[in-house]
Amino acid sequence: MSAPVLASPSRRLVLQAGGGLSLAFLFGGRVSAQDASPQAKLEAAAAGDAAFAPNAFIRIDKTGPIRLVIPNVDMGQGIYATEAAMMAEELEVGLGQVVVEHAPPIEPLYQTPLFKSQITGGSTSVRAFYKGLRQVGAAARTMLVGAAAEQWGVPAESLKAENGKVVDPANNRSATYGELAEAAAKQPVPDLEKVALKEPKDFKLLGTPFRRVDTADKTNGKLEFGIDSKVEGMQVATLALCPHVGGKVKSLKIDEAKKVPGVRDVIQIEGGVAVSGKHFWAAKMGLEALEIEWDEGPHADFSTESHFKALDETSRTGKALVAASEGDVTKVTGKKVEAIYRLPMLAHAALEPLNATVHVRPDACEIWVGTQVPVRAVQIAAKVAGLREDQVILHQHYLGGGFGRRLEVDSIETAVKFAKQVPYPLKLVWTREEDMQHDVPRPAYLDRMSATLGDDGFPLAFTDRVTGASVAARWAPVILRKDGFDSDTTECAAEMVYHVPNTHVEWAPFQMPEALPIGWWRGVGPTHNLFTVESFFDELAHAAGKDPVEYRLKLLSKNPRAAATLKDAAGKIGWGEKIGPRRGRGIATGAPFGAFTTAAVEVEVSPQGEIRIVKAVCSVDCGVVMNPNTVEAQIQGGLVFGWTMALYGALTYENGAAQQSNFHDYRMMRMNETPHIDVSILKSGEAPGGIGEVGTAIAAPALTNAIFAATGVRIRELPIDRKLLIENGDAKKKNVTEREAPDRKAPKRDLAEATAAGGAS
Amino acid sequence: MIRVYLKLVVFLGLVALVGAAGFAGWRFATSDAEVSAADVTPTPELIEKGRYLTAAADCAACHTTPGGKPFAGGVAFDLPFGTIYSTNITADDSTGIGLWSDDEFVRALHKGVGKDGRNLYPAFPYTSYTGLTRDDAVAIKAYLFSLPKERVAEKENTLAFPFNQRWAMTFWNVAFLDQKRFRPDPGLDHVANRGAYLATALGHCGECHTPRNLAFALSGKEFAGAEIRGWHAYNITPDRDEGVGAWTDSQLASYLSTGHAEGRGAASGPMAEVIVNSTKLLTKPDIDALVAYMRTVEPRKGDGGVRVAESPKSMTTSTAWAAAPSGAENGLGAKVFQGACASCHQWNGKGQQTPYAALAGTRAVSDPEGVNLVHVMLEGTDLRSVHQAAWMPKFAEAYTDAELAAVANYVIGHFGGKEGKVTPEMVSERRATAK
Amino acid sequence: MISINVNGEDRQVDGPEDMPLLWALRDVLGMTGTKFGCGVAQCGACTVHVNGQAVRSCVLPIGTLKDAKVTTVEAVGQSEQGKKIQQAWLDVEVVQCGYCQSGQIMSAAALLQHNPNPSDADIDAAMSGNICRCGTYVRVRQAIKQAATGEKVAMQTIPNDAEAVR
Ligand code: FES
Ligand code: FES
């Protein structure tokens, strides 16, 4: 199996066929000149001229490898191999016999049912396509076997498919799929819902550590990310956008820039300026030679400090929408524990800086980019270029990290705005600084948690009032509840793994300035809520004077899958074993994205407050496993991503401008801070869960709970303020979150409020 | 801080009450007379000469804010007794010096008196500029007047009493302003004398490199090293241990014209600004003259001088890609260095990608207190206008006091061969003064 | 025109002396295997070898190269150590998004060149300048060990060639 070739069928045909087909039609069907149904036209467009294209995903020619079309995009999760394996498993071919292709942007064919849109995100790919892609594989195999049976005049039942061939064991003959392709195309298309699928125990491919399709080309420089695209006649550009959100260019002097050798054009849009040239360096030097004056716009007073003040105000007085309510929390009496948690805004900082190569012609717009949302990219490009969507051709590339950033099309919109002013293909490359300062950040949250403990120390009531802005309200309003409730804001809090008899979880919506859109960030709701919930339940265990693992296990009595991961991880980290001074173990459990997960971490905190993760274990039950190698990789990487957030992540604003700019001030965990991470995958026959964001979602609370165990300091605000961890023998100082605002320029808390609410006592 | 302040108050009081009268008489008697003349009409040649002299006098350092309009002022000087802002010296009539006559401009440089007759604060180095020839002063004015006029609101100084009493500067001037034009030293050749003029009257090197006395005036320990904006302005006398006596002429020349000298490291902080704004613009003969003059200065030792030790083994036995085992490699400092620093600085002291990243032989890593070292980490450096790759981002935001102290101590040990004494508290204090 | 020697070939670059090697490679010579991540020597995505040493091409002016020999990820597999590293990367399946991996491979190959049998601490010291946003550090460490010792220290992947299909 090798890396995808770019497939770009005619969009025109596709759009003439119209959209809006329901999911039921998506699989099955085949190309036929006579069949003029819209579905067939779509598929014909996607299929090109393959001899046998039984559906939108499988192409078999007389010669050459079998081509599989992958509906999702790769941003590191290895989805090409995983989805190819789903098809190959039922099609009975080896992964070495196939090549994979990026799906073209044709929403009705390649949409993720959950979003009703062609989107890769939310750890949904495996969950969404596990059944469907096996069905299309099985259907194609049935047709190939049927074709052979007809040719040889034997019953299909006497034949079997293996290794890309149909074999007739009785007569000792076989035919390759290529040889059967044309005949198979004439076979009736089986009803997808009726084709028999293998039992997981019979899988040959799924469940074993198979290799990804892209590894080789990612180790020899051959694989092209969007930023690597090369288009005849293209010029490279880089840009400066107004540093203040919602601001614009006030005045511009270009003379000096035009003098820089290699500079071609200075191009202006309302919110910024780009310089194009022979190469990035010329463009960058040109950009630096510009004299730009900015109009700060209407949000120059936006700052992280003012933002948290406003969040706090909404948290106290804002109207809330109820996420989940069980029993009656107001009727319960007992020991009350309260706490306020604060989470900052976050930058994505994917390692491939934002970029897009765009060529706008009078009758077409061609785009080379790596995007999680190809269809949205086409739509926005058409709008900006003043073209029809069928005049937009999108060349999908691999993504040098997505993490939610490439679910946005702002960069593509910007690139088209610039590119339509020049006659040549324009490759627009953001500097790291521009990428970071014009992120669509993860929103900040301020959550008030409380619990009432019974005499046995276990919670009788739990409440969580989340305050923050909704990403979905802008990005996918369709997923909101009728009253506007956004389940992402409370995900993993409203549906905890623990059983508490009386619970009330609600969300107080907060409105961001319009000029500062907020976006999805790896782990979305669960990353936010598992930190607060798992920290808070750790607080409850300590308030009850109980061991955090025992405490959780008792609360998990109705949740055996979660409990199993908890026991497994606790055992592997050596829970309860003796440990040195200023060392501690922490644990966190949850079920984000349908995967039951426990992370356990051992840390050492130096007397100066420096944190070292000594070792880490993650135990996961994510249902049927597609590729254990990928699961392990995603968990390991996800944990590092989540710890990086916990230790260093905060995008702060002052005067409406982001203050961080590059990796020297938006810090990343590095290899010498990363412990060995032991991933334990529990055997399970349950439906597959997501895995891409699970590690990230569970990372932070395991770490901060370990820090509490090591130091007695409860971290209720991220990123961890290491000043709070300095050992000074002063007990009051040790638990500063209960005492005063940590001394960072970002979130300033309300002192009185924190004092009143803080503390597990 | 409070103590300095109190001492200054007492000192100024004493000067005012006791010494003034007699001393003043003596000062007047020895001062050079001011010649008055009509304003000259600027010629292109005069303006060009003024441009060069303005660079040599490094006016931009104090009168241009980073990214701001040239010479429009507004640069803040945080002094122990308050903040002074530099003034707009463009030719704008209302907020600049557009209405000043040549005489008034020359008087400001020579006597520290503004157009309105009020005393200027000696943050403006008129104690050095007093040595300028009138012709040079007029040329500088001609150049400044040839530039775009900038209208900017003046920023109020925030000086505490009694330092906000400008009249008191009269007494200070009596004590510390030696109003004399530069006179060649007959004991030096004309090259060294040209260097002396560049170093004193124009370049006012002593304003940073000469220690100040309690009244904030330059002491007699010329060029023996001082502190400026929290940085060490190192000893630049020919003292072999603490000064630049062991530097070769070409090292000195290279340092002044490019901000870097092989085996001596790169300039950073305020000196980097001097190089960018001033010395890199000097002609080769003038650089040579400066070097020649510096050789003739009396070698002196200052307080807290930094001595570069023999190259330490930890560094010389390291390679470009790996540190020789020293026992420090698992410490916090080494870890931070591995991640954030080694890509450019490497372990063998030679630097990577650019020679500006070389740490071997630098005084910054030889100072156990790591004064400049910590400042560089907190503020970064920028010599990009000299050499594209000669800069470093600031690491203040994402690294804790403990981490920066640890990495400073690691660097001092590994590259300087000394035991670093930097504490998190020291880093925290320097953060306060860092830009 | 500045002449630079890349992967054994003398190439002409039409650009200023102070242009970083990264852009000469990517935008002038069309060799996009070397990646741009930060431009400030903080991430390592742009790592190439200059005379066998791992350097950050984003801050290396081409004017300073003179006769130096530049090796990029496109040719690192021609050396024994580079080949070993690439193979280990495949076997252990290090990559995720892959964007940092050119740089990781170059740093790792240089490390093995100079230290054929690095300890975990040696690996951390040599590799910590390379950021991986996807967090592949655990496997990078394992793959370098495996490349150095030949011992299988992590979950191995099954190759996808046709013969391997059962
Ligand atoms: S791009 Fe060169 S180190 Fe990041
Ligand atoms: S694999 Fe994505 S950044 Fe390293």
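A short reminder: the numbers here are calculations on the coordinates, not readings from a lab. Because the structure is a prediction, the values reported are computed rather than measured. Don't worry about glycine lacking a Cβ; one is built from the backbone with ideal geometry, like all the others, and counts go over all protein chains shown.
How far, in degrees from 0 to 90, does helix A:79-91 lean away from the longest principal axis of the Cα atoms of chain A, to the nearest 10?
For helix A:79-91, the angle is close to 50 degrees.
What percent does the relative contact order of chain A come to when contacts are Cα pairs within less than 8 Å and at least six residues apart? Numbers along the way, then the final one.
Details: 1804 pairs, mean separation 100.4, N = 761.
It rounds to 13 percent for chain A.
Rg/Rh for the protein assembly as shown to two decimals, with Rh computed the Kirkwood way over all alpha-carbon pairs.
Working: Rg = 34.6 Å, Rh = 34.2 Å.
Using Cα coordinates only, the ratio equals 1.01.
Around B:L218, which amide H atoms from residues at least 5 apart in sequence, or from another chain, sit under 5 Å from its own amide H, with H modelled in the peptide plane?
B:N213
What range in chain B is the longest one free of GluC sites (Glu not before Pro) that are in a loop by DSSP and have at most 13 other Cβ atoms within 10 angstrom?
On the way: sites that count: B:E34, B:E154, B:E156, B:E310, B:E419.
Result, exposed sites excluded: B:157-309.
Whole angstrom only: what separates the Cα centroid of segment B:341-363 from the Cα centroid of segment B:258-327?
Using only Cα atoms to place each centre, the spacing works out to 13 Å.
With respect to the cross-link table entries A:K230/C:K84; A:K258/A:K284; B:K301/B:K421; B:K69/B:K155, which display a Cα-Cα separation exceeding 18 Å? Before the final figure, lay out the partial values.
Working: A:K230/C:K84 30 Å; A:K258/A:K284 12 Å; B:K301/B:K421 22 Å; B:K69/B:K155 15 Å.
Listed pairs above 18 Å: A:K230/C:K84; B:K301/B:K421.
Place a +1 charge on the Cβ of each Lys and Arg in the protein assembly as shown and a -1 charge on the Cβ of each Asp and Glu, then give the dipole magnitude about the Cα centre in debye, rounded to the nearest 20. Don't jump to the answer; show the numbers that get you there.
Working: 141 positive and 155 negative charges, 194 e Å.
Dipole size: approximately 940 debye.
With a cut-off of at most 13 other beta carbons within 10 Å, and DSSP calling the residue loop, which GluC sites (Glu not before Pro) in segment A:558-633 qualify? Please list them.
Working: sites: A:E577, A:E602, A:E604, A:E610, A:E632; in loops: A:E577, A:E610.
Sites meeting the loop and neighbour criteria: A:E577.
Go ahead and estimate [θ] at 222 nm for chain A from helices alone: -39,500 (n - 2.57) per DSSP H run with n ≥ 4, summed, over the residue count, rounded to 500. Don't jump to the answer; show the numbers that get you there.
Details: 21 runs with 227 residues, N = 761.
Value at 222 nm, helices only, nearest 500: -9000 deg cm²/dmol.
So which lysines can A:K336 reach, going by Cα to Cα under 22 Å and dropping same-chain residues fewer than 8 places off?
A:K546, A:K554, A:K732
Taking neighbour counts of Cβ atoms within 10 Å as a proxy for exposure, in what order, fewest first, do A:V166, A:V260 appear? Don't jump to the answer; show the numbers that get you there.
Details: A:V166 27, A:V260 20.
Ordered by Cβ neighbours within 10 Å, fewest first: A:V260, A:V166.
Treat the count of other C-beta atoms within 10 Å as a stand-in for reagent exposure and order B:T90, B:T258 from fewest to most. List each step's numbers first, then the result.
Values: B:T90 23, B:T258 19.
Listed from fewest to most nearby Cβ atoms, that is B:T258, B:T90.
Under 20 Å from the Cα of C:K66, which lysines turn up, not counting those fewer than eight places away in the same chain?
B:K350
Starting from segment A:665-722, pick out the GluC sites (Glu not before Pro) whose DSSP state is loop and whose Cβ has at most 15 other Cβ atoms within 10 Å. Walk me through the numbers on the way to the answer.
Working: sites: A:E673, A:E686, A:E693, A:E717; in loops: A:E686, A:E693.
Of the GluC sites (Glu not before Pro), the ones in loops of segment A:665-722 whose Cβ has at most 15 other Cβ atoms within 10 Å are A:E686.
Could you point to the residue in A:F708, A:Q379, A:G297 farthest towards the positive end of the protein assembly as shown's charge dipole, with +1 and -1 charges on the Cβ of Lys/Arg and Asp/Glu respectively?
The residue sitting most towards the positive pole is A:F708.
For chain A, take N as its residue count and report Rg(C-alpha) divided by 2.2 N^0.38 Å. The partial results should precede the final answer.
Details: Rg = 27.6 Å, N = 761, 2.2 N^0.38 = 27.4 Å.
Cα Rg divided by the expected 2.2 N^0.38 Å: 1.01.
Which one of B:S385, B:T317, B:A196 has its Cα pushed farthest toward the positive end of the charge dipole of the protein assembly as shown, where Lys and Arg give +1 and Asp and Glu give -1 at the Cβ?
Ranked along the dipole, the leading option is B:T317.
Grab the other residues whose beta carbon is less than 11 angstrom from that of B:T130, score K and R as +1, D and E as -1, and report the net.
On the way: positive: B:R107, B:K111, B:K180, B:R181; negative: B:D32, B:E34, B:D178.
For residues surrounding B:T130, the net value is +1.
Please average, across the residues of A:220-230, the number of beta carbons from any other chain that are within 10 Å of each residue's own beta carbon, and give a whole number.
On the way: counts 12, 16, 4, 7, 2, 5, 0, 5, 9, 1, 4.
If you average over the peptide's residues, the count of other-chain Cβ atoms is 6.
What size of dipole, in debye to the nearest 20, comes out for chain A about its Cα centre when the only charges are +1 on Lys and Arg C-beta atoms and -1 on Asp and Glu C-beta atoms? Intermediate results must be reported in sequence, preceding the final value.
On the way: 85 positive and 92 negative charges, 114 e Å.
Result for chain A is approximately 540 debye, rounded to the nearest 20.
Expressed as a rounded percentage, what relative contact order does segment A:413-475 have, with Cα pairs under 8 Å and six or more residues apart?
Numbers: 43 pairs, mean separation 15.1, N = 63.
For segment A:413-475, the relative contact order is 24 percent.
For chain A, take the longest principal axis of its alpha carbons; what is the angle in degrees between that and the long axis of helix A:374-385, to the nearest 10 within 0 to 90?
So the helix axis and the longest Cα principal axis differ by about 90 degrees.
Averaged over peptide A:395-402, how many Cβ atoms belonging to another chain are found within 10 Å of each residue's Cβ?
On the way: counts 0, 0, 0, 3, 3, 11, 8, 2.
Mean shielding count: 3.
When only DSSP loop residues count, what trypsin sites (Lys or Arg not before Pro) in segment A:250-326 have their Cβ near at most 16 other Cβ atoms within 10 Å? Provide the component values of the computation, followed by the final result.
Details: sites: A:K250, A:K253, A:K258, A:K259, A:R264, A:K278, A:K284, A:K309, A:R316, A:K319; in loops: A:K278, A:K319.
Here the trypsin sites (Lys or Arg not before Pro) that fit, given the DSSP loop and packing criteria, are A:K319.
Between segment A:283-318 and segment C:1-60, how far is it from one alpha carbon centroid to the other, in angstrom?
If you average the Cα positions of each part, the centres end up 35 Å apart.
Give me the net charge for the shell around A:R561: Cβ to Cβ below 9 angstrom, other residues only, Lys and Arg +1, Asp and Glu -1. Present the calculation step by step, with values, prior to reporting the outcome.
Working: positive: none; negative: A:D621, A:E686.
That works out to -2.
Applying the Karplus parametrisation 6.51 cos²θ - 1.76 cosθ + 1.60 with θ = phi - 60° to the phi angles of segment A:546-555, what ³J(HN,Hα) value in whole Hz is obtained for each residue in order, glycine and proline being reported as x?
For segment A:546-555, the Karplus curve yields 10, 5, x, 6, 4, 4, 5, 4, 4, 6 Hz.
Restricting the calculation to Cα positions, tell me the Rg (one decimal) and the Dmax (whole number) of chain B in Å.
Taking only Cα atoms of chain B, I get Rg and Dmax of 22.6, 72 Å.
With an 8 Å cut-off on Cα pairs and a minimum separation of 6 or more residues, tell me the relative contact order of segment B:190-296 in percent. Working shown, then result.
Working: 156 pairs, mean separation 32.3, N = 107.
Relative contact order comes out at 30 percent.
Size of the dipole of segment A:637-708 about the Cα centre, Lys and Arg at +1 and Asp and Glu at -1 on the beta carbon, nothing else charged, in debye to 20?
On the way: 3 positive and 6 negative charges, 22 e Å.
Value, rounded to 20: 100 debye.
Return the subset of A:K309/B:K394; A:K427/C:K35; A:K253/B:K394; A:K131/A:K194; A:K278/A:K420 for which the Cα-Cα distance in this structure is over 21 Å, preserving the input order. Walk me through the numbers before you get to the answer.
On the way: A:K309/B:K394 29 Å; A:K427/C:K35 15 Å; A:K253/B:K394 29 Å; A:K131/A:K194 12 Å; A:K278/A:K420 18 Å.
Beyond 21 Å between Cα atoms: A:K309/B:K394; A:K253/B:K394.
Segment A:343-364 to segment B:45-123: how many Å between their Cα centroids?
Between the Cα centres of segment A:343-364 and segment B:45-123 lies a distance of 46 Å.
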